[in-house]
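Here you go, one structure.
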Amino acid sequence: MGTMLSVENLCKSFFLHNQGGIQLSVLQGIGLTVQAGECVVLVGPSGTGKSTLLRSLYANYKPDSGRILVRHEEEWVDMATAEPRKILEVRRRTVGYVSQFLRVIPRVPAFSILMESSRMTGKPGEEAAAQIRLLLARLGISERLWKISPTTFSGGEQQRINIARGFIFPYPILLLDEPTAALDAKNRQVVVELIREAMQRGAAIIGTFHDEEVREAVASRTLEMPSNGRGP
Amino acid sequence: MGESGSGKTTILNSLSGRLAPTTGAVLYGKGQNDNEAVDVYGISEAARRLLMRAEWGVVHQNPRDGLRMRVSAGANVGERLMAVGCRHYGKIRQDVLNWLARVEIESDRMDDLPLTFSGGMLQRLQIARTLVTRPRLVFMDEPTSGLDVSVQARLIDLLRSLVQELSLSAVVVTHDLAVVRLISHRLLVMRQGKVVESGLTDQVLDDPHHPYTQLLVSSVIQP
């Protein structure tokens, strides 16, 4: 299987032009390697850059320096410097990302949103629909909600739609940013199972989970985020 | 994206063959190979018009600029097919009906004049008229800005699914950040006639580097 993701000397700061030109240095020289089938959990108090790291790995944030090498099919792609088109390709087929917040077009039904995510990965319609039905049932989203826009859902239901989007395709790399934050115990358990299944098929996973129980259930190892002097 | 007066519409008109640049060139790639690129302002006007008609489409901000208000809705869509050489009446009619259905206009409105349509319907009709000839490249100037918020979301969803389904390339001008995030892959931020920042849409919006982009993103009022 081997290495799926390798981060070298990653630095990320934010320069706030309109707020007095403040520079916030969040990540300073992060290094990390993740193997196939492994789940690395990021730990550390809030403000140490766990989300910033995950967002940088997804190329949602642009690092100041360092490399983020991702094994995309037969090649290595550096997410820190790749062209937008390449990054989109990597996101379609290699790196999945589950965030805490759902962002969708209003008035589009939950089921259609998942169908679109699935279509982007190139799966035929019927097969995709069957798989979505199974996943939604597992996540306890009752059928009467499928035809409704998730913008009207509760926090926990929205989060489960996000999770479904992340697990609908067998991404070789998964980035999970507090995927269980708004879930009850039963649904947390479902997410733990989904993560374990993904590890078994060889996915490399990096995530943050504030919930101790989930952390223990899924972590192959933990990575303590270095303090950057912003904490108490 | 950019504030009014930043040059968004000027660049769109220039790209779409309707405003010759003072200097520089607009190249249109017909195939994978760059050698086959056409210099849009280097070819004859007749050749340019043919290219615009056959392979490009324009969706105007005001649907009245893109539609003929005194002919029926169906004719607005059908005449575009005739303009690119379709002659079979039955086939044209079928295509028109298909397209009206795709943009969610009831078939019994086919013979009505666009004058009787609401703003949202007009915009959808304009989209049908533009896409019926299956252009490869579409230019859209503020396609949702004249519409009620209630129909904007539906139109954005429609545009996005059509662009994906037909694998179109689209260049969209808008000042609406929400529209940008939901429909575009890449984003160019303009100010005073220049592109100040560009890249992957979510990266530019979530991690803006230029002072102007930071100001734009942080100024949005969350409802």
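Considering only residues that are within 23 Å of A:Gly49 (Cα to Cα) and away from chain B (no Cβ under 11 Å), which ones fall in the range A:60-76? Walk me through how you get there before you give the answer.
As a first pass, look at the range A:60-76 and keep what is within 23 Å of A:Gly49 (Cα to Cα): A:60-70.
Scanning the range A:60-76 gives A:Ser65, A:Gly66, A:Arg67, A:Ile68, A:Leu69, A:Val70.
Which ones in the range A:196-227 are among the small types (Gly, Ala, Ser) and under 16 Å from A:Gln35 (Cα atoms)?
At the first step, the residues of the range A:196-227 found to be among the small types (Gly, Ala, Ser) are A:198, A:202-204, A:207, A:217, A:219-220, A:227.
Passing the criteria: A:Ala198, A:Gly202, A:Ala203, A:Ala204, A:Gly207, A:Ala219, A:Ser220.
Residue-wise test of (1) farther than 22 Å from B:Asp157 by Cα; (2) free of Cβ contacts under 8 Å to residues at least 60 places away in the same chain; (3) more than 20 Å from the chain's Cα centre (by Cα); (4) open to solvent by 20 Å² or more (accessible area, probe 1.4 Å).
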site	(1), (2), (3), (4)
A:Glu127	yes, yes, yes, yes
A:Leu134	yes, yes, yes, yes
A:Ala137	yes, yes, yes, yes
A:Glu143	yes, yes, yes, yes
A:Trp146	no, yes, yes, yes
A:Gly166	no, no, no, no
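Answer yes or no: is there a residue in the range B:96-119 that is open to solvent by less than 20 Å² (accessible area, probe 1.4 Å), within 16 Å of B:Lys8 (Cβ to Cβ), more than 14 Å from chain A (Cβ to nearest Cβ) and not in a helix (DSSP H, G or I).
no
Looking at the range A:1-101, what strands (runs of 3 or more DSSP E) fall wholly within it and have at least 3 residues that are in contact (Cβ under 8 Å) with a residue 12 or more places away in the chain and surrounded by fewer than 22 Cβ atoms within 10 Å (Cβ to Cβ)? Give the steps one after another, and end with the answer.
Working: elements: A:3-16, A:22-35, A:39-43, A:65-72, A:75-78, A:95-98.
Those strands (runs of 3 or more DSSP E) span A:3-16, A:22-35, A:39-43, A:65-72.
In the range A:179-191, which residue that is in contact with a Ser or Thr (Cβ under 8 Å, 6 or more places away or on another chain) and open to solvent by less than 30 Å² (accessible area, probe 1.4 Å) is farthest from A:Ser51 (Cα to Cα)?
A:Asn187
Kindly indicate whether A:Arg160 is among the charged types (D, E, K, R) and touching a Ser or Thr at 6+ places or on another chain (Cβ under 9 Å).
Details: among the charged types (D, E, K, R): yes; touching a Ser or Thr at 6+ places or on another chain (Cβ under 9 Å): no.
Against the criterion (among the charged types (D, E, K, R) and touching a Ser or Thr at 6+ places or on another chain (Cβ under 9 Å)), A:Arg160 does not qualify.
Another question, then. Condition test on A:Ile113, is it assigned to a helix (DSSP H, G or I), open to solvent by less than 30 Å² (accessible area, probe 1.4 Å) and within 14 Å of chain B (Cβ to nearest Cβ)?
Answer is yes for this residue.
Report yes if some residue within the range B:140-156 is within 10 Å of chain A (Cβ to nearest Cβ), in contact (Cβ under 8 Å) with a residue 12 or more places away in the chain, more than 22 Å from A:Arg119 (Cβ to Cβ) and assigned to a strand (DSSP E or B); otherwise report no.
The answer is no; no qualifying residue exists.
The values are calculated or read from the model by the stated rules, or taken from the named source; none is laboratory data. In this text the structure is predicted, and so the values were computed from the model without any measurement. Note: ideal-geometry Cβ built from the backbone for every residue, glycine included; neighbour counts use all protein chains shown. In case anyone asks, the SASA skips ligands and DNA or RNA and just uses the protein heavy atoms, side chains included. Shrake-Rupley method; radii C 1.70, N 1.55, O 1.52, S 1.80 Å.
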